[in-house]
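What follows is a single structure, written as structure tokens, with notes after it.
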Amino acid sequence: MFELPEFVTLAGQINATLTGKTIHQGSLGNSPHKFVWYNRRDTEFAALTQGKTVGTAHTRGKWLFIPLDPGYILVFGECGGRILYHPAGAKLPEKYHLWLVFTDGASLTAMTQMWGAMELYESGRELERQYIKDMRPTPTEPEFTYGYFSALIDSLLLGEKRSVKGLLTQEQLIPGLGNAISQDILFRAGLHPRRPLGDLSEEQRRRLYDAIESTVREVIAGGGRNDEYDLFNHPGGYVRLMDSKTAGGPCPVCGTLIEKFQYLGGACYICSRCQPAVTDS
Ligand SMILES: [Zn+2]
């Protein structure tokens, strides 16, 4: 699944490649998929996109916004799979869930892997959509300060018990993070995924905040994770420290073997020495 850094990478590449292009024809693809969330019928999508020009794309959390000027905005969200650019004359993938052909012959296809939104809104109406409407500050935004982050933890302590993995992956409390990037964030912060939020010292909160910021920055700098693909169908350059490929091998810091277990709807990969389950004071 794409997380914030992959969407930032795609937005940058779209702006370098597609911005200014005019749509000759748009279609919702050739492969029906139950879990693609559309808000338009194919004929409506075709009529509304024809003749529109691609504006400057941007991203928030796990959402990618591509203005189709005048008046509309194409929204991809909560998805994985491929969003690909094809120069004029290039062979298209066999299956896709959305297709834009530009007047110069180039095109864009999108195919989701599991589920995801591919929606077209009148500009501004996308802000009323569930999950976009009340989105909290994301780690790439100036509002995501340590003060904000610490206050978010304080507010969560008033509700049901939560672990640090829950903070990173549930309910988009920190929009844009997902299970994949969270493994490296928790490793860098020296925190076990099950560690209760209420356990964290001031110093651990600070370490977690710093790990979120530095990991997100690093994955963006690498052009996304290497298990996801960019607009040109190239894998990203960021290699995760903690994932299925390093499980069973030595921790890069202390050499302890990396463990895998399932927790909160996804696999966790940890070093039990660097990320102890209980406070080591
Ligand atoms: Zn270790």
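The values are calculated or read from the model by the stated rules, or taken from the named source; none is laboratory data. Quick caveat, the model's predicted, so the values are computed rather than measured. Note: ideal-geometry Cβ built from the backbone for every residue, glycine included; neighbour counts use all protein chains shown. Each accessible area value is taken on the protein alone, full model and side chains, heavy atoms only, with ligands, DNA and RNA left out. Shrake-Rupley method; radii C 1.70, N 1.55, O 1.52, S 1.80 Å.
Just how far, in whole angstrom, is segment 1-53 from segment 250-267 if you go by their alpha carbon centroids? Taking the Cα centre of segment 1-53 as reference, the centre of segment 250-267 is 37 Å away.
Relative to the compact globular guide of 2.2 N^0.38 Å, what is the alpha carbon radius of gyration of segment 1-76, as a ratio? If you can, show how the numbers build up before the last one.
On the way: Rg = 12.8 Å, N = 76, 2.2 N^0.38 = 11.4 Å.
Normalised Rg, Cα atoms only: 1.12.
Comparing Phe76, Ile153, Cys268 along the charge dipole axis of the chain, the residue lying farthest to the positive side is Cys268, per the Cβ-charge model. Taken per residue, the accessible surface of segment 35-154 reaches 47 Å², heavy atoms only and a 1.4 Å probe. In segment 1-110, the portion of solvent-accessible area held by carbon and sulfur atoms comes to 54 percent [1.4 Å probe, whole percent, DNA, RNA and ligands not counted]. Residues in segment 163-172 carry Karplus couplings, in order, of 9, 5, 5, x, 4, 7, 10, 9, 6, 6 Hz; the curve used is 6.51 cos²θ - 1.76 cosθ + 1.60 with θ = phi - 60°, and Gly or Pro positions show x.
Gyration tensor over the Cα atoms of the chain: the corresponding equivalent ellipsoid has semi-axes (square roots of 5 times the eigenvalues, largest first) of 37, 20, 15 Å. In plain terms, if you count all Cα to Cα distances in segment 1-158 and split them into 10 Å steps from zero, the share in each step is 10, 38, 34, 11, 5, 1 percent.
Total lysine pairs in the chain at Cα distances under 16 Å, for residues eight or more apart or on different chains: 5.
With the helix formula -39500 (n - 2.57) applied to DSSP H stretches of n ≥ 4, the chain reaches a computed 222 nm mean residue ellipticity of -8000 deg cm²/dmol. Need one word for segment 27-116: rounded, prolate or oblate. Basis is the Cα gyration tensor (sqrt eigenvalues a ≥ b ≥ c); a/c below 1.5 gives rounded, then a/b vs b/c decides. Note, shape of segment 27-116 comes out rounded.
What trypsin sites (Lys or Arg not before Pro) does segment 78-149 have in DSSP loop regions with at most 14 other beta carbons within 10 Å? Each step should come with its number before you reach the end.
Values: sites: Arg82, Lys91, Lys95, Arg125, Arg129, Lys133; in loops: Lys91, Lys95, Arg129, Lys133.
Those satisfying the criteria are Lys91, Lys95, Lys133.
Shape index of segment 73-214: Rg/Rh, with Rg the Cα radius of gyration and Rh the Kirkwood radius from the inverse mean 1/r over Cα pairs, equals 1.09.
Using 0.36 nm per residue and subtracting the Cα-Cα separation, the extra length available between Thr56 and Thr17 on full extension is 13.0 nm.
Taking the Cα centre of segment 86-245 as the origin, how large is its charge dipole in debye, to the nearest 20, when only Lys and Arg (+1) and Asp and Glu (-1) carry charge on their Cβ atoms?
On the way: 19 positive and 23 negative charges, 106 e Å.
Charge dipole of segment 86-245: 520 debye, to the nearest 20.
Restricting segment 219-253 to chymotrypsin sites (Phe, Trp or Tyr not before Pro) that sit in a DSSP loop and have at most 14 other Cβ atoms within 10 Å of their own Cβ leaves Phe232. The loop-placed trypsin sites (Lys or Arg not before Pro) in segment 198-281, going by DSSP, that have at most 16 neighbouring Cβ atoms within 10 Å of their Cβ come out as Lys245, Arg273. Summary: within the chain, the longest segment free of GluC sites (Glu not before Pro) located in DSSP loops with at most 15 other C-beta atoms within 10 Å is 172-281.
Taking every DSSP beta bridge that has both ends in segment 124-276, the antiparallel portion is near 90%.
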